[in-house]
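Colleague: Once you've had a glance at the structure underneath, I'll fire off some questions.
The values are calculated or read from the model by the stated rules, or taken from the named source; none is laboratory data. What you see is a predicted model, and the numbers here were worked out from it, not measured in a lab. Note that we place each Cβ from the backbone using ideal geometry, even for glycine, and neighbour counts take in every protein chain shown.
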Amino acid sequence: MRFFVVCPGGLEVPLAQELAEIAGRPECKALGAWVIDPTPTSPTGGIGLAAPISAAMVLNLHSRIASRVLLQMAQAPYRQEDDLYKLASGLAWEEWFTSKQTLRVDVTAHRSPLKSLNFATLKIKDAIVDRLRDVTGDRPSIDTAFPDVRVQAHLTATQVTIYLDTSGEALFKRGWRDEKGDAPLKENLAAGILSFTAWKPGQTLFDPMCGSGTFLIEAAQIVLSIPPGAIRAGMYGDDAKPNRLAYRPLVTSAHGFGFQRLKPFNEVAEQKRWVDLKEAALAQMLEKRKQYPSVDNLKITGGDINEKLVSMFKGNWQRAQLPDQPVVRQIDALAAKPPGSVNEGVMLLNPPYGERLVIKGGRGQDRTSSRDAKYDGADEPENRFELNLETGRQSAKRSSRESLKKLQAQEEQDPKFVEFLRQFGQHLKDDFGGWNIFVLTADMALPGQLRIKESKRTPLFNGPLECRLFKFEMHAKRPA
């Protein structure tokens with residue numbers, strides 16, 4: 001079977017590395033041969049591979065960087081909308097799902113000659129519905145919010161590719177985030193950024209503006225070998241109850257993955273493989289818990305000036321099935337010191353983009369608050385930015401440039417924030433010698449505001465917002 005594993009733009013290299021690691025797991029090798037496509041040299045929005053159908057279960061359970069796992073159903077040349085209808089109507093959809101299940105169809109395009117993507121979507125939807133009606137005598141209903149089955153199609157200038165989505169809800173929705181507030185950094189983007197830092201378990205990781213804890217929770221789950229899909233796979237039962245006011249609805253085992261609603265994955269042999277995969281993951285988790293018996297052993301710490309966000313972080317940590325309470329303090333980033341007085345480690349942060357919030361529980365002053373992100377990616381139609389199968393980022397880049405100009409203009413109008421960055425840069429020089437500092441931001445002028453020369457900058461996309469991951473190597477101070 002052919003798959004396309006979707007990821008945020010800029011994370012193709014770490015995704016390829018992750019896919020190779022997953023394919024090398026003993027339980028994955030036992031499924032059959034995996035052939036991963038060459039790593040692209042420019043953004044493609046994902047990685048293709050050939051693997052047994054059971055790979056869909058493995059990838060949805062274990063990939064931290066993937067947004068979706070798409071199973072290729074067909075690929076063919078096209079010239080007009082009727083060609084899309086002909087291709088889609090010729091596929092045996094009845095072998096994958098029933099007419100009693102609800103359906104959603106999404107279409108993306110890169111340099112397609114067709115004038116209307118909406119019309120192209122309608123033609124593919126009609127083809128699927130007509131096929132099922134002709135074969136079964138009944139037609140499925142359309143549900144754009146919570147469909148049982150998702151079909152994706154991508155159009156290039158000459159080719160159309162049709163996929164079945166095996167993920168269902170986007171994979172960045174791990175199931176542990178339950179809060180009301182501003183949109184956080186997507187979990188899979190945070191995991192990809194961690195891979196760029198070269199941080200390894202056992203190494204000190206510190207986020208002085210941790211917000212609701214995305215970076216630190218992803219890191220702790222990596223240390224403890226907790227699969228990102230563990231909650232949705234039902235590995236903990238369904239004890240977590242969603243908050244009625246949650247910003248991002250809690251995804252539980254009741255939602256599961258898209259493949260669980262497809263006929264081939266409900267056959268006895270695949271059901272057994274699914275159980276075996278989860279048992280193998282659980283055994284690895286239990287072994288890691290023995291190696292890291294307490295939260296102090298993780299060497300993962302954070303701080304934030306906002307009391308509410310610190311409380312959110314603690315709640316998210318517990319729902320992520322992590323031990324005890326996180327090592328986190330309510331503290332101004334300018335007062336934060338290296339945890340445990342270590343003279344080297346990795347600092348990773350996503351500072352606010354010049355926005356000023358009223359801080360509850362702080363020192364009573366109007367300090368800029370830290371949050372995980374400023375882009376509401378969860379409400380953006382996923383097919384517009386997450387499913388860029390070629391290099392179609394023109395609309396995203398236009399949007400990001402406009403957003404960036406707006407954000408930079410806000411910062412230029414906020415001298416207090418500019419002064420905060422200057423002070424924070426000096427703080428890093430004074431107290432974090434020997435550390436590697438990584439900052440994700442949409443502000444391309446950040447190194448100048450910190451007054452520190454970056455050693456590396458990596459382009460990334462936070463939703464449609466073009467960002468940079470800056471690396472700063474802080475030189476250790478010479479002894480007096």
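Colleague: Six or more apart or on different chains, Cβ under 6 Å: which pairs go from a residue in region 411-430 that's within 14 Å of residue 334 (Cα to Cα) to one that's surrounded by fewer than 18 Cβ atoms within 10 Å (Cβ to Cβ) and modelled with pLDDT of 95 or more? Could you list them?
Modeller: Correct list of pairs: 423/334; 425/451; 427/334.
Colleague: Only one of 143, 130 is modelled with pLDDT of 95 or more, under 18 Å from residue 74 (Cβ atoms) and acidic (Asp, Glu); which?
Modeller: It is 130.
Colleague: In addition: Output the residues belonging to region 298-315 that are within 24 Å of residue 235 (Cα to Cα) and surrounded by fewer than 16 Cβ atoms within 10 Å (Cβ to Cβ).
Modeller: Across region 298-315, the qualifying residue is only 314.
Colleague: Something else about it: Under 21 Å from residue 338 (Cβ atoms) and either of a type outside the set (D, E, K, R) or at pLDDT below 95 (or both), is that true of residue 227?
Modeller: no
Colleague: Separate question: How many residues does region 322-331 contain that are assigned to a loop (DSSP other than H, G, I, E, B) and buried (at least 18 other Cβ atoms within 10 Å of the Cβ)?
Modeller: The total comes to 2.
Colleague: Could you list, ordered by first residue, the pairs with Cβ atoms under 7 Å in which the first is in region 304-320 and farther than 9 Å from residue 330 by Cα and in a helix (DSSP H, G or I) and the second is modelled with pLDDT under 95 and among the aromatic types (Phe, Trp, Tyr), at least 6 apart or interchain?
Modeller: Matching pairs, first to second residue: 316/176; 319/176.
Colleague: I've got another one for you. Could you check how many residues of region 32-51 are closer than 22 Å to residue 273 by Cα and either surrounded by fewer than 16 Cβ atoms within 10 Å (Cβ to Cβ) or modelled with pLDDT under 95 (or both)?
Modeller: Residues meeting the conditions: 4.
Colleague: Related question: Among the residues of region 134-144, write down those that are of a type in the set (A, V, I, L, M) and under 19 Å from residue 117 (Cα atoms).
Modeller: 142
Colleague: Next question, about the same structure. Pick out, from region 378-480, the strands (runs of 3 or more DSSP E) lying fully within it that include 1 or more residues that are closer than 19 Å to residue 337 by Cα and either at pLDDT 75 or above or of a type in the set (Ser, Thr, Tyr) (or both).
Modeller: 436-441, 465-473
Colleague: Here's another thing I want to ask about it. For region 157-181, what are the residues that are more than 28 Å from residue 54 (Cα to Cα), surrounded by fewer than 19 Cβ atoms within 10 Å (Cβ to Cβ) and not aliphatic (A, V, I, L, M)?
Modeller: Scanning region 157-181 gives 158, 180, 181.
Colleague: Suppose the filter is farther than 27 Å from residue 462 by Cα and basic (Lys, Arg); does residue 100 pass it?
Modeller: The answer is yes for residue 100.
Colleague: While we're looking at this one, here's another question. Please find, within region 314-339, the residue that is nearest to residue 436 (Cα to Cα) out of those that are in contact with a strand residue (DSSP E or B) (Cβ under 6 Å, 6 or more places away or on another chain) and aliphatic (A, V, I, L, M).
Modeller: Among those that are in contact with a strand residue (DSSP E or B) (Cβ under 6 Å, 6 or more places away or on another chain) and aliphatic (A, V, I, L, M), it is 336.
Colleague: Let me ask something additional. Going through region 337-363 one residue at a time, which ones are surrounded by fewer than 17 Cβ atoms within 10 Å (Cβ to Cβ) and at pLDDT 90 or above?
Modeller: The answer is 337, 344.
Colleague: Identify all residues within region 85-117 that are within 14 Å of residue 153 (Cα to Cα), among the small types (Gly, Ala, Ser) and in contact with a helix residue (DSSP H, G or I) (Cβ under 7 Å, 6 or more places away or on another chain); write none if there are none.
Modeller: 88, 89, 109
Colleague: Could you pull out the residue among 254, 280, 269 that is at pLDDT 95 or above, closer than 21 Å to residue 166 by Cβ and loosely packed, with under 13 Cβ neighbours inside 10 Å?
Modeller: Testing whether each residue is at pLDDT 95 or above, closer than 21 Å to residue 166 by Cβ and loosely packed, with under 13 Cβ neighbours inside 10 Å leaves just 269.
Colleague: Contact list please: Cβ distance under 7 Å, first residue in region 454-469 and farther than 18 Å from residue 187 by Cα, second residue assigned to a strand (DSSP E or B) and among the acidic types (Asp, Glu), pairs at least six apart or on different chains.
Modeller: Hits for this filter: 455/473.
Colleague: Same structure again: Is region 318-339 home to any residue that is among the basic types (Lys, Arg) and closer than 24 Å to residue 425 by Cα?
Modeller: yes
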